[in-house]
1. Tally up the carbon and sulfur contribution to the accessible surface of the chain as a whole percent, 1.4 Å probe, everything protein left in place.
2. Tell me whether segment 292-380 comes out rounded, prolate or oblate; compute the Cα gyration tensor, take square roots of the eigenvalues as a ≥ b ≥ c, and use a/c under 1.5 as the rounded threshold.
3. Kindly identify segment 46-154 as rounded, prolate or oblate by the Cα gyration tensor criterion: order the square roots of the eigenvalues as a ≥ b ≥ c, call it rounded if a/c is under 1.5, otherwise compare a/b with b/c, prolate if a/b is larger, else oblate.
4. Under a point spin-label approximation (7 Å from Cα along Cα-to-Cβ), what is the Val222-Val296 distance to one decimal in nm?
5. So if I take the centroid of the Cα atoms in segment 221-236 and the same for segment 52-71, what is the distance between those two points in Å?
6. Computed FRET efficiency, Cβ-Cβ of Val274 and Leu421, R0 41 Å: what is it to the nearest 0.05?
7. Which whole-number value in Å² is the accessible area per residue of the chain, probe 1.4 Å?
8. Relative contact order for the chain using alpha-carbon pairs under 8 Å, separation at least 6, rounded to a whole percent?
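The values are calculated or read from the model by the stated rules, or taken from the named source; none is laboratory data. Source: prediction; values computed, not measured. Note that each Cβ is placed from the backbone with ideal geometry, even for glycine, and that neighbours are counted across all protein chains shown. For the accessible areas, the whole protein counts, side chains as well, though only heavy atoms, and no ligand, DNA or RNA atoms are used. Shrake-Rupley method; radii C 1.70, N 1.55, O 1.52, S 1.80 Å.
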Amino acid sequence: MLPFAMRGPRPLPTTFLFGCAYVLSFVDRQILSLLIGPVKADLHLNDFQFAVLNGFAFAVLYSVLGLPISMLADRFPRPPIIVGGLALWSLSTIGCGLSDGFWGLFFCRMGVGIGEAALVPAVYSFLADIVPPARLGRIIALFSAGSFLGAGLAYLSGGLLMDVLHAGAVPGGLVPWKFCFVIVGLPGLLLAAVIALFVHEPSTRGTIEARAGLMKTYGFIVGQKWLFPLHFLGYSCSAIMLFSLMAWSPAYLMRVMAMPHGTVGGIMGAIAIVCGCGGIYTSGRLIDALTTRGIVQGPMIVGAGGMAGAALMFLASALCGKGNAGLVFFALAFFFASFPMAPSAFVIQTVSPRAMRAQISAIMLLCNALIGLSAGSMLIGMLDDRVFTAADGIRYALPIVAVTASMAGALMIAGTAPFYLKRHRALSHAP
């Protein structure tokens, strides 16, 4: 056995490897957004079909499989689940580059979603077993920052690769956008091998509570009145804003702000990394600061405030149009749009019984993926194709969907405050 395995998994190296996997998951997920122009031209797609590939094809099984995989992670060794998912989505990303039509790309994107569904539930469960409770929050935050780092790297690498590949011959006779998929898919296979070699199930896994059945979990959710319905719908609306910015921003910057393809990659990469990671960190610190001061509704203030801020900043950006002012407001919208990620997870972890946390988190994941990632993106594509049919129709379609969803989400999350306070008091007085 390898020395690393004999010592057991250590928190920081293990989190680093898992974080690298999360980064790659968002690189493979988001790279399609930056390649919207050549993919649409080569495959003769409209914006709605592209939205189906970018959102629905990925989200449909990613969301549905989150629940059963979270149950598997509670019962079986988790590294093989993580390694298997990583290998599957990496191979599927490579497959995207070998696809010759809409349906080939559609099924490969489904494969990416299936593989990525294995990552987060298993990683959260694994980290909870190897990290002391006092450090678990910051470790999970460190892992979660990989989402924006990965999205940023997708934009940066995609733009750079397209410029490089257009300047010279592409190996294998592939067109540049297809070769991009092959290149970004390969590192995941190497990382899967590394995790398989060096990360092993803890020799003494923490005591696992008997998992509550789905009907018992459903009964608990219903018993909390409007807390969970408003929570699920509110944060799904926030996901529409965030995922819409991630998926459609390259098209928005190219069509509305008249930026060249390579420039868009660099700008979106910097915004995703700096503003996205900065927003998550700020959000978490604000929640800690408010709750330590006895403001129980702190997560609602941070979540709703972030959604409202994102809506106002993006509206200001749309009104400014071209120019530096519009870009600054756009970056601020991205910063605030990342706020809801922390309070969404925080609330579920603090109000749910231990035996139901994985299932309720999986339900949240399902709502985010189907409503935020899939439905919101397809609605933007449909509006752009059928209502705002001009070349820069995304100027209206993206703000209408994103701003409306974000403001609706802010109202719903604010509405959870009395129900959250009631649950908090009940837990405080529990024996």
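1. Taking all protein chains in place, the chain shows 72 percent carbon and sulfur surface.
2. oblate
3. Prolate, because a/c is 1.5 or more and a/b exceeds b/c.
4. 2.6 nm
5. Centre-to-centre (Cα) distance: 21 Å.
6. Using R0 = 41 Å, I get an efficiency of 0.75.
7. The answer is 40 Å² per residue.
8. Relative contact order, the chain: 26 percent.
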